[in-house]
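Here is the structure we will look at.
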Amino acid sequence: MRVKMILPALTEATSPFFRPIKYSLFPPLGLATLAGYLDPDDEVTITDEHVQRVDVSDEPDLVVIQVYITSARRAYELADHYRAKGVRVCLGGLHVTSLPEEAARHADTIFCGPGEDTWPRFLDDLRAGRPAPRYDSSERTLAGLPPIRRDLIDRHRYLVPNSIVVSRGCPHVCDFCYKEAFFEGGKSFYTQTVDAALAEIERLPGRHLYFLDDHLLGNARFATALFDGMRGMGRLWQAAGTVQSVLRPGLLEKAVESGLRSLFVGFETVNADNLTEQRKWQNIDRDYAQVIRRLHDNGVMVNGSFVFGMDQDDPSVFDRTVDWAVAQGIETATFHIMTPYPGTRLYERMAKADRLLHSDWDRYDTRTVVFKPVKMTARQLEDGYRRAYRDFYRWGSILRGASTKPTLRAKARHAAYAGGWKKLEPAWDLVIRAKKAGRALPFLESILAGFGGQPAR
């Protein structure tokens, strides 16, 4: 059987001017995971439209497309094209799970929820000549997961080819989170066995790893055993965690001993009233400054995530957020406009209050206002969002953030990481177009290696 797997490009990743490096960071691990279930004699390819063109002149037996909200239009175009050729098309992913009826109009088979239980069932049904039009996940386990088909990934196209996921979902239930609908109908957070996770890590070449788990530290017992097993491997790694997990005694230290050098942390808002409204319980009454001190004291860089446009935000929120983040010495920041994704409680609340402006999924990109804000206009929200990015990544702000570090070496690392991430976007564009993103990995590793051993403050 000839199988073609496609990750269509997100709308925001198709700028004709330049390509931010973040769209060439990670290979399509989800598709490579599903490919592991195919038979050895199946011919399978993976095409990631973020880094290569999709050849639509072929006629495989099966096309599998992973769909996110801002790639939905493109995914449906590709699906319709192949179905017109008589090719069987499967659609799955977050957007398909949120709006299955919409996706079903463009597919022969759709998958709702995680694919570890539904995808093998579909393959058995397909070979028996009776594939169903829809499969809903209910059994949530990573036991018996086959090796990921990393041989199908063109490693040199990605800055971080060693991405890895050892859990699924998140133990928290924030109202705006897209993942809640995806895991409806079963467990919403579960992990691999520690031995299986360590075996996958051992397969990866080089030093650097990036855990793409929504919350790697979400199960403290699992995380502790994983970090104990990783100690001595010589790895340098990055991941995502919550403010609550950073404050847990002993867990962060074990992570650092095993190689943690940078953590993505969802601070979300500097406005405490917003946290209750969005059911962000794990952030309530937490000392954000203490979180950053703990990370920096352990030599861990911080990538802070912030969301603008919650109902308690007014036009002052942008400057207050940026000023706070810069003063804390946060190395990098990611800003978003609050976006009510279909299937979330936030979307249902907005729809009931008639606050949604449209259903043009291309614009649900966290950069565009798609709802009616409460304490500012849509223009103020979009302008403030853009200003926050501009102000945080000004050279003056980068140098001000670097000045919070105690040594000249630490200051230089801060400036190199923050400046290289955002100020060199035109250069990254050339690297991506030359298909050489992987060549920059040694530079990333050299910066990460400077952290951890010596505290940043």
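So that you can scan it fast, the table gives a plain yes or no per residue for (1) surrounded by fewer than 17 Cβ atoms within 10 Å (Cβ to Cβ); (2) part of a loop (DSSP other than H, G, I, E, B):
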site	(1), (2)
Asp314	yes, yes
Tyr347	no, no
Ala351	yes, no
Asp354	yes, yes
Thr368	no, yes
Arg413	no, no
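So for segment 12-34 (the condition being more than 30 Å from Arg439 (Cβ to Cβ) and either of a type in the set (Lys, Arg) or open to solvent by less than 20 Å² (accessible area, probe 1.4 Å) (or both)), does at least one residue qualify? Give the derivation first.
So in segment 12-34, the residues more than 30 Å from Arg439 (Cβ to Cβ) come out as none.
Within segment 12-34, none of the residues are more than 30 Å from Arg439 (Cβ to Cβ) and either of a type in the set (Lys, Arg) or open to solvent by less than 20 Å² (accessible area, probe 1.4 Å) (or both).
Of all residues in segment 140-176 being of a type in the set (Asp, Glu) and modelled with pLDDT of 90 or more, which is surrounded by the most Cβ atoms within 10 Å (Cβ to Cβ)? Working first, answer last.
The initial filter retains those residues of segment 140-176 that are of a type in the set (Asp, Glu), namely 151, 154, 175.
Next, only the ones that are modelled with pLDDT of 90 or more stay: 151, 154.
On the way: Asp151: 9, Asp154: 15.
Ranking the candidates gives Asp154 first.
Taking segment 178-228 on its own, how many of its residues are open to solvent by 40 Å² or more (accessible area, probe 1.4 Å), in contact (Cβ under 8 Å) with a residue 60 or more places away in the chain and part of a loop (DSSP other than H, G, I, E, B)?
5
Among the residues of segment 383-410, which ones are part of a helix (DSSP H, G or I) and open to solvent by 40 Å² or more (accessible area, probe 1.4 Å)?
Within segment 383-410, Asp383, Arg386, Arg387, Arg390, Trp395, Gly396, Leu399, Arg400, Leu408, Arg409 meet the criteria.
Arg349: within 30 Å of Leu247 (Cβ to Cβ), touching a residue at least 24 places away in the same chain (Cβ under 8 Å), in the same structural domain as Ser262 (by the TED database) and over 23 Å from the mean Cα position of the chain (by Cα), yes or no?
yes
Can you work out which of the residues in segment 43-78 that are without any contact (Cβ under 8 Å) to a residue 60 or more places away in the chain and of a type in the set (S, T, N, Q) is surrounded by the most Cβ atoms within 10 Å (Cβ to Cβ)?
Thr47
For segment 295-312, which positions are in contact with a strand residue (DSSP E or B) (Cβ under 9 Å, 6 or more places away or on another chain) and open to solvent by 10 Å² or more (accessible area, probe 1.4 Å)? Steps first, answer last, please.
First, the residues of segment 295-312 that are in contact with a strand residue (DSSP E or B) (Cβ under 9 Å, 6 or more places away or on another chain): 295-296, 298-310.
Passing the criteria: Asn298, Asn303, Val307.
If you go through segment 125-172 one residue at a time, how many are of a type in the set (A, V, I, L, M, F, W, C) and under 21 Å from Asp39 (Cα atoms)?
Final tally of qualifying residues: 9.
Yes/no matrix, rows are residues, columns are (1) in contact with a Lys or Arg (Cβ under 6 Å, 6 or more places away or on another chain); (2) among the β-branched types (Val, Ile, Thr); (3) assigned to a loop (DSSP other than H, G, I, E, B):
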{"position": "Glu116", "(1), (2), (3)": "no, no, yes"}
{"position": "Pro120", "(1), (2), (3)": "no, no, no"}
{"position": "Leu123", "(1), (2), (3)": "no, no, no"}
{"position": "Glu139", "(1), (2), (3)": "no, no, yes"}
{"position": "Leu145", "(1), (2), (3)": "no, no, yes"}
{"position": "His156", "(1), (2), (3)": "no, no, no"}
{"position": "Pro161", "(1), (2), (3)": "yes, no, yes"}
{"position": "Asp175", "(1), (2), (3)": "yes, no, yes"}
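To keep it simple, each residue is scored yes or no on (1) under 26 Å from Leu263 (Cβ atoms); (2) at pLDDT below 80.
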| position | (1), (2) |
| --- | --- |
| Gln380 | no, no |
| Arg390 | yes, no |
| Tyr393 | yes, no |
| Thr404 | yes, no |
| Lys411 | yes, no |
| Trp421 | yes, yes |
| Pro426 | no, yes |
| Gly452 | yes, yes |
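The values are calculated or read from the model by the stated rules, or taken from the named source; none is laboratory data. None of the values given here were measured: they were computed from a predicted structure. No Cβ is skipped: glycine too gets one built from the backbone with ideal geometry, and neighbour counts run over all protein chains shown. Surface areas here come from the heavy atoms of the whole protein model, side chains and all, with no ligands, DNA or RNA. Shrake-Rupley method; radii C 1.70, N 1.55, O 1.52, S 1.80 Å.
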